[in-house]
1. Over the chain, what is the relative contact order in percent, taking alpha-carbon pairs closer than 8 angstrom and at least six residues apart?
2. Sort 288-299, 104-115, 158-169 by the packing proxy (mean of other Cβ within 10 Å over each peptide's residues), most packed first.
3. So if I take the alpha carbon set of segment 162-236, get Rg, then get Rh from the Kirkwood formula, what is the Rg over Rh ratio?
4. So what J values fall out for segment 103-109 if you push phi through Karplus, 6.51 cos²θ - 1.76 cosθ + 1.60 with θ = phi - 60°, rounded to Hz, Gly and Pro as x?
5. Taking the alpha-carbon distance from K271 and a cut-off under 18 Å, which lysines remain once sequence neighbours fewer than 8 residues away in the same chain are dropped?
6. Can you compute the equivalent ellipsoid semi-axes for segment 265-364, i.e. the square root of 5 times each eigenvalue of the Cα gyration tensor, sorted largest first and rounded to whole Å?
7. Which lysines, on any chain, are close to K199 with Cα under 16 Å apart, when same-chain ones fewer than 8 places away are left out?
8. Where both residues lie in segment 42-178, what percent of DSSP beta bridges are antiparallel, nearest 5?
Amino acid sequence: MTLRSAVMLLGTAMMSSLTGAAVLLASGAASAQAGKPTVAILATGGTIAGKQPDPNAPGYKAGSFSIKDLETAVPQLKDVATISGQQVANIGSQNMHDAVWLKLLKAATETLAKPEVAGAVVTHGTDTIEETSYFLNLTLKSDKPVVLVGAMRPATALSADGPMNIYNGVVVAGSPQAKGRGVLVLMNDEIHYAAEITKTDTTHPNAMKSPNRGLAGVCDTGKCRFFSPTEKRHTTKSEFSISNDVTELPDVAIVYAHANLSSDLIEAAIKAGARGIVIAGVGDGNMTDPALDALGKAAKDGIVVVRSARVGKGVVKRNIEVDDDKLGFVAAQELNPQKARILLQLALMKTKDPGKIQKMFMEY
Ligand code: ASP
């Protein structure tokens, strides 16, 4: 299938799936005529821009279509916003790394500073969408809406989910109600706060969940509503900022706990230069005695140790089965290991004091 025919197929699929939607959109589109918001799309790749070499066989390549293709595939975007676009990267988000985060942060900062831009949509792979959204949530200094969208099915798939996610994302990014809520992720008609969202299924379109505090809101073909605002600090209220000369973030390793965990991986992480270690603990952030001893020693040597949990839900509190006070550890609270890693990276740019870092884990 050529790229052009794939895009046309995608556009046709979107048109037919939105036949009923046009009615729902009519009032929004009518009022939009008077002054449609300008929404910037920052594209980074992912399955939402993915292409199957053979639509009848499994397998696809993430980050195959450009931002222009995505815009062409969803002509309904013109009804709800004036779109401007920028291709920041075109990668599978399993390859996300510091340089792209920093480039994206810069691009979003510059775009949102323009008075005519109401908000931004970031198209992104779903593998690490929870990480990029949380990174931006902590570092972006703007209260304008920023909405990350992805897709579980490639753009050329039957019943691709990307077009609706982009459409809803643009509506939310252009909406005054989304202002000041921090960075959001929109997938499968659901709006998530960046600190909450996590991917819970390898392939299902309903993969994204906010397991601790629940959804930020819901959408139905461009009709979106918000629930409670988040209590977490973010964006303009965040103490973290990254200047343009920063090229990489501090090295923080995640060690995954399991039965019979030895100290080997912890020692290897330290040897490789980790300034912080997040343990994805069993249960309530627990681990074997050899791991505990190795991390206790690391903490004494000035490496910041954060206890998170591999279970996917719940709160890791201080001093339950592990004596955090004695060992000098930080308890991750609600943050899963991959988000705890990001907060620790940013924290380490300011301090190594576990007490101060614990306070950050209470607030973000
Ligand atoms: N591997 C893809 C990515 O994260 C998966 C997806 O987008 O759903 O880029």
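Quick note: the coordinates plus some simple rules give every number you see, no bench work behind them. As the structure is a computational prediction, the values presented were derived from the model and not from experiment. Virtual Cβ from ideal backbone geometry, glycine too; neighbours counted across all protein chains shown.
1. On the way: 808 pairs, mean separation 48.5, N = 364.
Relative contact order of the chain: 13 percent.
2. Order by mean packing, descending: 158-169, 288-299, 104-115.
3. 0.94
4. Values, residue by residue: 5, 5, 4, 5, 4, 5, 4 Hz.
5. Counting by Cα, and skipping residues close in sequence, K271 has these lysines nearby: K297, K300.
6. Gyration-tensor ellipsoid for segment 265-364: 17, 16, 13 Å.
7. In chain and number order, the partners are K209, K313, K339.
8. Numbers: 1 of 10 bridges.
The antiparallel proportion sits near 10 percent.
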